[in-house]
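Heads up: the structure comes next, in structure tokens.
The values are calculated or read from the model by the stated rules, or taken from the named source; none is laboratory data. The shown structure was predicted, so the numbers you read here are calculated from the model rather than taken from an experiment. Cβ coordinates were reconstructed from backbone atoms using ideal geometry, including for glycine residues, and neighbour counts include every protein chain displayed.
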Amino acid sequence: MCPVSHGLLDVQYAWDKLPVPSSLREFEQRWGSRREPLDFSGVWRFRELLPFAPPEQIVTIGEGQTILQQSDHVGRYVGVNDGCLHLQYEGLNPSGSFKDNGMTAASTHARMVGAKLAACASTGNTSASLAIYAGVSQQFRCIVFVGSGKIAYGKLSQALDYGATTLQIEGDFDDALMQVRAVCEQAGIYLCNSVNPFRLEGQKTIMYRVLEGLGWEVPDWIVVPGGNLGNSSAFGKAFLELKHLGLIDRLPRLAVINAAGANTLYELYEQQGLRWNDGHPEQSLIDTFYADMQAKNRRANTLASAIEINRPVNLTKCLRALDACDGVVREVSDEEILDGKAQVGAGGFGCEPASGASVAGAKLLRQQGVIAPSDRVVCILTGHQLKDPTATVNYHTQGGCRAANAPIVVPNDFEQIMEIIRQFG
Ligand SMILES: *Cc1c(COP(=O)(O)O)cnc(C)c1O
């Protein structure tokens with residue numbers, strides 16, 4: 001384990017002493033032995049690329065059975081050529097978000113160190129994921145810290161249903177995270193937020209599956225919503241390692257998309273020029289930004305609750321990923337996010353609001369000419385459509401939304417119903 005910067009740790013491997021396949025295609029052969037739990041898992045199928053766990057300790061529930069869909073419908077909305085846009089549906093994981101990729105790894109590590117109690121702060125999906133793994137592991141129990149008011153009901157219902165002890169803090173996510181970090185340190189509880197470097201090891205596999213879905217070809221762009229920046233950090237690490245191992249010959253570009261109401265990364269990276277700078281990002285820029293935020297009591301505010309975060313814990317790791325992948329950061333409005341989400345819903349399996357940021361961000365980058373019409377783009381859809389039905393129903397029923405699809409109210413009368421049906425004749 002190696003320090004990255006600012007208290008963040010990184011899992012580093014002595015690759016030259018480890019068995020690594022000579023080609024990524026070798027991982028595909030594991031589809032043939034899917035009855036083996038480790039080969040069935042879309043995370044542990046790639047275990048040689050996250051070789052920190054003895055196989056018998058691995059906690060897996062078949063996570064990572066996700067789909068890469070070519071979507072010309074969304075592609076046209078974004079403005080790229082047919083065949084160029086792909087959606088990676090991480091909402092198809094057991095708890096309905098990409099978090100399971102990381103939580104299987106963190107749970108495995110928790111088991112390796114004999115943890116009896118694990119905890120996390122969450123905008124909803126991390127708690128749902130930890131709760132499901134704690135439940136099935138029968139190794140440890142969990143306590144989840146959530147903020148008040150904003151958590152989507154789909155997510156809260158999961159934590160409660162899966163039996164997690166749930167602490168609802170009178171504050172927002174940033175407050176909940178600050179508290180859980182202090183509590184875990186004091187009480188010796190295993191911390192499962194994405195400061196936990198093992199989570200990021202699991203999340204690397206999202207990129208392996210994207211490559212697999214593209215026949216092991218590297219796309220031009222990976223577009224991902226940015227909250228605590230664990231995903232973007234993990235993606236950068238995944239590609240750096242694959243390049244180091246000679247398993248890919250180039251890195252894709254990375255676009256991290258903030259909600260305009262929670263745009264710390266956008267402000268620091270694009271407006272103030274904060275960079276990785278060979279592992280020495282200018283800390284004073286970060287400190288000044290947060291001090292100003294504190295002074296103005298500025299709170300994150302977006303309907304995309306999964307990315308409603310003002311103090312992203314993986315900020316500096318994300319800078320490393322942006323540096324490696326010639327990255328860009330953009331901010332998009334809630335309206336753009338929900339419009340993007342509606343396009344995904346109309347052309348595929350749907351997603352939760354935060355995931356719509358990647359489609360909105362790709363569209364913006366295309367408009368700005370940063371993404372070319374012929375570029376191959378993969379938008380990561382981080383959470384399931386059913387996570388936040390309130391946001392979805394509000395979008396479709398309150399007038400004026402771009403792709404609104406409101407229910408048609410009709411009297412309980414055959415003739416009047418038929419009159420409407422005929423219009424669709
Ligand atoms: C956690 C989460 C995010 C943010 O991911 P980070 O790794 O924290 O940047 C985005 N979308 C959904 C649905 C999430 O659950």
Exercise. Which residues, taken from segment 54-74, are touching a helix residue (DSSP H, G or I) at 6+ places or on another chain (Cβ under 9 Å), assigned to a helix (DSSP H, G or I) and not aliphatic (A, V, I, L, M)?
Worked result: 55, 57, 72, 73
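State all residues of segment 268-307 that are hydrophobic (A, V, I, L, M, F, W, C) and either within 21 Å of the chain's Cα centre (by Cα) or at pLDDT below 95 (or both); if no residue qualifies, say none.
Filtering segment 268-307 down to residues hydrophobic (A, V, I, L, M, F, W, C) leaves 268, 274, 276, 285-286, 289, 291, 293, 295, 300, 303-304, 306-307.
Of everything in segment 268-307, those that are hydrophobic (A, V, I, L, M, F, W, C) and either within 21 Å of the chain's Cα centre (by Cα) or at pLDDT below 95 (or both) turn out to be 268, 300, 303, 304, 306, 307.
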Problem set entry | Failed item, numbered, when residue 407 is tested on (1) surrounded by fewer than 15 Cβ atoms within 10 Å (Cβ to Cβ); (2) within 16 Å of the ligand (Cβ to nearest atom) | (2)
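From the list 217, 212, which one is more than 13 Å from the chain's Cα centre (by Cα) and either near the ligand (Cβ under 9 Å from one of its atoms) or outside any loop (DSSP other than H, G, I, E, B) (or both)? Quick ask: steps written out before the conclusion?
Working: 217 fails: either near the ligand (Cβ under 9 Å from one of its atoms) or outside any loop (DSSP other than H, G, I, E, B) (or both).
On inspection, the qualifying residue turns out to be 212.
Conditions (1) touching a residue at least 12 places away in the same chain (Cβ under 8 Å); (2) farther than 24 Å from residue 339 by Cβ, marked per residue:
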| position | (1), (2) |
| --- | --- |
| 39 | no, yes |
| 58 | yes, yes |
| 83 | yes, no |
| 94 | yes, yes |
For this session: Would you be able to say whether some residue in segment 174-186 is surrounded by fewer than 20 Cβ atoms within 10 Å (Cβ to Cβ), more than 13 Å from the ligand (Cβ to nearest atom), closer than 17 Å to residue 229 by Cβ and among the charged types (D, E, K, R)?
Result: yes
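Would it be correct to say that residue 7 is assigned to a loop (DSSP other than H, G, I, E, B), at pLDDT below 95 and surrounded by fewer than 17 Cβ atoms within 10 Å (Cβ to Cβ)? Don't jump to the end; show me each part of the working.
On the way: assigned to a loop (DSSP other than H, G, I, E, B): yes; at pLDDT below 95: yes; surrounded by fewer than 17 Cβ atoms within 10 Å (Cβ to Cβ): yes.
For residue 7, the condition - assigned to a loop (DSSP other than H, G, I, E, B), at pLDDT below 95 and surrounded by fewer than 17 Cβ atoms within 10 Å (Cβ to Cβ) - is met.
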Problem set entry | Failed condition for residue 349, given (1) under 16 Å from residue 78 (Cβ atoms); (2) touching a residue at least 12 places away in the same chain (Cβ under 8 Å) | (1)
For this session: From 336, 419, 331, grab the single residue that is touching a residue at least 60 places away in the same chain (Cβ under 8 Å) and of a type in the set (Asp, Glu).
Result: 331
Problem set entry | Residues located in segment 78-122, provided they are away from the ligand (no atom under 14 Å from the Cβ), of a type in the set (A, V, I, L, M, F, W, C), farther than 22 Å from residue 156 by Cβ and in contact with a strand residue (DSSP E or B) (Cβ under 8 Å, 6 or more places away or on another chain) | 78, 80, 84, 85, 110, 113, 115
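Answer yes or no as to whether residue 198 is within 12 Å of the ligand (Cβ to nearest atom) and not polar (S, T, N, Q). I'd like the intermediate steps shown before the answer.
Numbers: within 12 Å of the ligand (Cβ to nearest atom): no; not polar (S, T, N, Q): yes.
Taking the combined requirement at face value, the residue does not satisfy it.
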Exercise. Within the set of pairs 6+ apart or on separate chains, which have a first residue in segment 217-239 that is more than 9 Å from residue 318 (Cα to Cα) and basic (Lys, Arg), a second that is in a strand (DSSP E or B) and away from the ligand (no atom under 12 Å from the Cβ), and C-beta atoms under 8 Å apart?
Worked result: 237/10
For this session: Would you be able to tell me the number of residues in segment 70-109 that are buried (at least 24 other Cβ atoms within 10 Å of the Cβ), over 15 Å from residue 361 (Cα atoms) and of a type in the set (A, V, I, L, M)?
Result: 3
For this session: Would you be able to say whether some residue in segment 257-272 is more than 14 Å from the ligand (Cβ to nearest atom), polar (S, T, N, Q) and surrounded by fewer than 24 Cβ atoms within 10 Å (Cβ to Cβ)?
Result: yes
